[in-house]
Amino acid sequence: LNNIHMQQSQLLYRSKQLAYILRHSSMVDNFGWISIDVLCKQYGYTIVELETIVANDNKGRFLFSDDKMAVRALYGHSIKIELNLSPSTPPAVLYHGTAKKNIDLIYAEGIRPMSRNKVHLSSTIETAKLVGQRHGTPIVLEINTYAMATDGHSLYQLNNDIWQTDYIPTKYITNTIIP
């Protein structure tokens, strides 16, 4: 049992390391891809380890290229990349998790990407709460994404739970939820 816990702990560490490399490293190409060969040679990953990380990532952060010769992160980038996504029709409401300390700035200026390329939204309050917890006391903002899309703002679906957009003006924040 202890050995299984050690393996899970090591896999979690390697998954976080991979997320960091793919989101913030200058080693990725203009589309966010880094070759499996580079990850194996420079970071000591094995192909089996990468397949395990991508397949078991419950946040849907990673994607293999069609030929499985490269991998990229789907969101959370601080470096400029082009994901080549087409706008999608969002559900009527999505959620943005943040820390309570940010609320005054958000209501003054809207939701900006800050150190990331895009603003991230979640399809559930629970996921947004988890995001907000990473930055302090969590708060969840309900966003009228139907109105945003109707007004011409582009929203992009990255996986079943994560969406992104460039900026959210204050007028689309319809509710503040304190979980």
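For semi-axes √(5λ) of the Cα gyration tensor in Å, the choices are (i) 28, 20, 14; (ii) 26, 19, 17; (iii) 31, 19, 14; which was calculated from the structure?
Read-out taken from this structure: (iii).
Report the gain in length on full extension from D166 to C40: 0.36 nm times residue separation, minus Cα-Cα distance, nm rounded to one decimal.
Here the answer is 42.0 nm.
Return one whole number: the accessible area per residue of the chain in Å², for a 1.4 Å probe.
About 57 Å² of surface per residue is accessible.
Calculate what fraction, in whole %, of the accessible area of segment 1-125 sits on carbon and sulfur atoms when a 1.4 Å probe is rolled over the protein chains.
Using a 1.4 Å probe with all protein chains present, segment 1-125 comes out at 54 percent carbon and sulfur.
Stretch S154-T176 to full length: gain in nm at 0.36 nm per residue minus the Cα-Cα span?
5.7 nm
Restricting to DSSP H runs of at least four residues, report the calculated mean residue ellipticity at 222 nm for the chain, -39500 (n - 2.57) per run over all residues, nearest 500 deg cm²/dmol.
Helix contribution divided over all residues of the chain: -10500 deg cm²/dmol.
Run the paramagnetic zone check for Y107: 7 angstrom along Cα to Cβ, then residues of segment 146-179 with backbone nitrogen under 20 Å.
168-179
Given G60, I106, S88, which one lies farthest toward the positive end of the charge dipole of segment 53-127, if we put +1 on the Cβ of every Lys and Arg and -1 on the Cβ of every Asp and Glu?
I106
Once both labels are modelled 7 Å past Cα along the beta-carbon direction, what's the E82-M27 spacing in nm?
2.4 nm
Less than 16 Å apart at the alpha-carbon level, and either on another chain or at least 8 residues along: which aspartates and glutamates does that give for K129?
Reachable aspartates and glutamates: E142, D161.
Using only Cα atoms, locate the centre of segment 24-57 and the centre of segment 145-159, then give the distance between them in Å, rounded to an integer.
30 Å
At q = 0.13, 0.20, 0.24 Å⁻¹, what is the log10 ratio I(q)/I(0) for segment 104-179, with the Debye formula run over Cα points and no solvent?
The computed values of log10 I(q)/I(0) come out as -0.36, -0.91, -1.38.
Mind checking the dipole of the chain: about its Cα centre, +1 per Lys or Arg Cβ, -1 per Asp or Glu Cβ, Debye to the nearest 20?
Charge dipole of the chain: 500 debye, to the nearest 20.
On C-alpha positions alone, give me the angle between the axis of helix 2-24 and the longest principal axis of the chain, in degrees, nearest 10.
It is inclined by approximately 60 degrees.
Measuring from label point to label point, each 7 Å out along Cα→Cβ, what is the K16 to H135 span in nm?
For K16 paired with H135, the spin-label model returns 1.9 nm.
The values are calculated or read from the model by the stated rules, or taken from the named source; none is laboratory data. As the structure is a prediction and not an experimental result, all values here were calculated from the model. Cβ sites come from the backbone with ideal geometry, for glycine too, and all protein chains shown count toward neighbours. Quick note on the areas: whole protein, heavy atoms, side chains included, nothing else; ligands and nucleic acids left out. Shrake-Rupley method; radii C 1.70, N 1.55, O 1.52, S 1.80 Å.
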